[in-house]
């Protein structure tokens, strides 16, 4: 089932001459755009509702939720090994360079950016939705690029959202106790 679903996504590379460039942008460069967006939000977003101290709390907590979720990825990588699609299927040519990363399950990118996006959603709905769309675009692009199975991205999204929920619970409990 996973291989057939992967093949369905992977075929999207052939949707036009520019498809590989678009997929590469979303899968490889959009994470940098989203990270820079957090910095821009922190430093330049002006609103009476979101003063600098509140924006700093939101950004720091979003990053903390990503770090917590990433630690879950490290535990899963140590317990379970799943090779990337291009290592398992001989016909797959990845569009994105993965370096030395050979573990596929779960997707680090999906985990980190879904954690960040969900935490942002708790405090700033429009920004959170934009980041959720970005996290989904990153995950789907990495499937199409041939570096992740759909199950890698799905579990990464769930793990990331769990990390955001834990940090949200933690921040709310601290706030109540102050």
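Any read-out appearing in this document is the output of simple, stated calculations on the displayed coordinates, not a laboratory observation. None of these values were measured; they are calculated from a predicted model. Please note: Cβ atoms are built from the backbone with ideal geometry, for glycine as well, and neighbour counts cover all protein chains shown.
Structure notes:
- Cα-projected label distance for residue 8 with residue 67, points at 7 Å along beta-carbon direction, nm: 3.9
- In percent, rounded to a whole number, the relative contact order of the chain is 32, using alpha-carbon pairs under 8 Å and six or more apart.
- Viscosity 1.567 mPa s, temperature 4 °C, Stokes-Einstein D of the range 51-126 from Kirkwood C-alpha radius, µm²/s: 91
- Stokes-Einstein D for the range 82-178, Kirkwood Rh over Cα pairs, 10 °C, 1.306 mPa s (µm²/s): 112
- Taking all Cα-Cα distances within the chain, those exceeding 23 Å account for 43%.
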